1. Quote the charge dipole size of region 215-287 about the Cα centre in Debye, to the nearest 20; the model charges only the Cβ of Lys and Arg (+1) and of Asp and Glu (-1).
2. Quote the relative contact order of region 7-120 in percent (integer), defining contacts as alpha-carbon pairs under 8 Å separated by 6+ residues.
3. Calculate one ³J(HN,Hα) per residue across region 406-423 by plugging θ = phi - 60° into the Karplus curve 6.51 cos²θ - 1.76 cosθ + 1.60, and present them in order as whole Hz with x for glycine and proline.
4. Once phi is turned into ³J(HN,Hα) by the Karplus curve 6.51 cos²θ - 1.76 cosθ + 1.60 with θ = phi - 60°, what whole-Hz value does each residue of region 138-144 show in order, with x for glycine and proline?
5. Using only Cα atoms, figure out Rg for the chain and give it as a multiple of 2.2 N^0.38 Å.
6. How big is D for region 7-120, in µm² s⁻¹ as a whole number, if Stokes-Einstein is applied with the Kirkwood radius of its Cα pairs at 20 °C and 1.002 mPa s?
7. Before anything else, pin down the relative contact order of the chain: Cα pairs under 8 Å, at least 6 apart, normalised by residue count, whole percent.
8. Amide H to amide H under 5 Å from residue 3: which residues, 5+ apart in sequence or cross-chain, H placed 1.01 Å off N in plane?
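Nothing in this text is a laboratory measurement; each read-out follows from the coordinates by a stated rule. A quick note: this is a predicted structure, and the numbers were derived from the prediction, not measured. Here the Cβ is made from the backbone with ideal geometry for all residues, glycine too, and neighbour counts use every protein chain on show.
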Amino acid sequence: MPLPADYRIVPVPESRLRDVLTLDTWAFPSEHPTETFLELPSSLPWDRSYGVEHAGSTGLTAFHAAYPLRAYPVPGAEVSCGWLTWVGVHPAHRRRGILRAMIEHHFADCLAAGEAISALTASEPSIYGRFGYGLAANVLSLTIPRGAALREVPGADNLDVTLEEWDAAAHGDLAAGIHRRFGQLPDGLGRPGWATRETPALRTSHDSDPQRLRGPKESRRIAIVRDASGRPTAYATFRRTLTWGGPGPDGTVDVREAVALDAASARRLWSVLLDLDLMSRVTIANIPADDPITRLLVDPRAARPAVSDHTWVRILDLPRALSERRYAADVDVVLEVTDAMVPANAGRWRVQASAFGHAEVTRTDGDPDLVLDVRELGAVHLGSIPLTAIAQAGQLELRTPAALGPAAVAWSWPVAAGANWIF
Ligand SMILES: CC(C)(COP(=O)(O)OP(=O)(O)OC[C@H]1O[C@@H](n2cnc3c(N)ncnc32)[C@H](O)[C@@H]1OP(=O)(O)O)[C@@H](O)C(=O)NCCC(=O)NCCS
């Protein structure tokens, strides 16, 4: 769908940051003025930033950008992904098709950049399904009582932990290295969806700790676990807020990230986070459903786990996207796919793959085993939403009932998908 008359999409250079931030604070209301955001490092990818201008208005009426991820983990591989971000339409111009036109532009932009998939986190989950994005990864948030018991892990108590005030220059590389490595574990499998701070601007923005945006919380802190040789094996970044309730101190530790490369380090890290003086609870959001803390807690129910949607995936170049990933079992299946926005994806495709090996995706005239929309194919792409769940919710047509089980196993992955940050 083209933009309504009097609107046009334009590339946005860095010199228009003020326009972007002005629009952004219309789309996402903030207690802070634009001036405050102008002083912060921007994560925006300027060669992939686009605005919408209106003939009768100054500034921007809408904006979106794409982070060009080049090592985005999908099952068994790292691929190119156009991560859609900073989507906003000025409230005076909403519901007249501007988002839809920006999405069409984004799809063409990703395909031109060689990205077979796009992904995003959504401000409101009901927005993006209509454009063929499927919910591919849910994450957990926890509120863990102070002192919660943890199961023992041999060797954990011997590991050294330091607590320091966050310093991007001193800690940035250490955290980025552990974060990236975690996404590759277990070796040979890796964690689908574990996006890293790939571009320098994303890294700088993520590593900054602007005092003005902290509210009542302290500056960012880091806990670092080291093994006997002094090698860092885990870190957590966190902030404490000290409040006083009726009976006394009632503080909260907000953990931004807790990432460990082995079980003993995870146990040691959490034993420190869960025993900070004057604190009553520890919160953490955006953890994958199988994060080690979910197994370490003796009483996981007391951590009040809450599930929320995280990563939405859109298949843009079907044969490439489906052959770039790996499958957890041998499979030979014919899909019939509908795609209202990218017609090249529609039709019948034969997917042949060997377990954890090569995959081939070819056009076919053969009878389809499964009939589904590209949205559902996006939902199963990271291996965490089972094809059986799609079928049981009536979101695929089963022409060959016996094909469902083998296909569901093939599309699954042994490690839960998810990223531990929103960007
Ligand atoms: C969400 C937002 C981008 C939508 O922009 P818009 O230009 O009004 O959207 P469009 O007119 O192109 O609408 C396209 C479709 O999405 C639907 N839609 C738009 N916003 C929606 C929302 N918040 N929830 C559910 N559906 C929504 C429209 O009803 C329309 O549906 P249709 O295709 O069935 O007709 C805009 O309202 C906005 O900036 N909101 C605040 C910031 C935000 O949430 N940004 C998204 C960040 S992930």
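1. Values: 11 positive and 8 negative charges, 37 e Å.
Computed charge dipole of region 215-287: roughly 180 debye.
2. Working: 176 pairs, mean separation 27.4, N = 114.
This gives 24 percent for region 7-120.
3. x, 5, 5, 5, 4, 6, 7, 9, x, 10, 5, 7, x, 10, 9, 8, 10, 8
4. Rounded to whole hertz, the list is 9, 10, 10, 10, 10, 10, 9.
5. Working: Rg = 22.8 Å, N = 423, 2.2 N^0.38 = 21.9 Å.
Normalised Cα radius of gyration, the chain: 1.04.
6. Details: Rh = 14.8 Å.
Value of D from the Cα-based Kirkwood radius: 145 µm²/s.
7. Numbers: 944 pairs, mean separation 79.7, N = 423.
About 19 percent, as a whole number.
8. Residues meeting the criterion, in which the H sits 1.01 Å from N, do not exist here.
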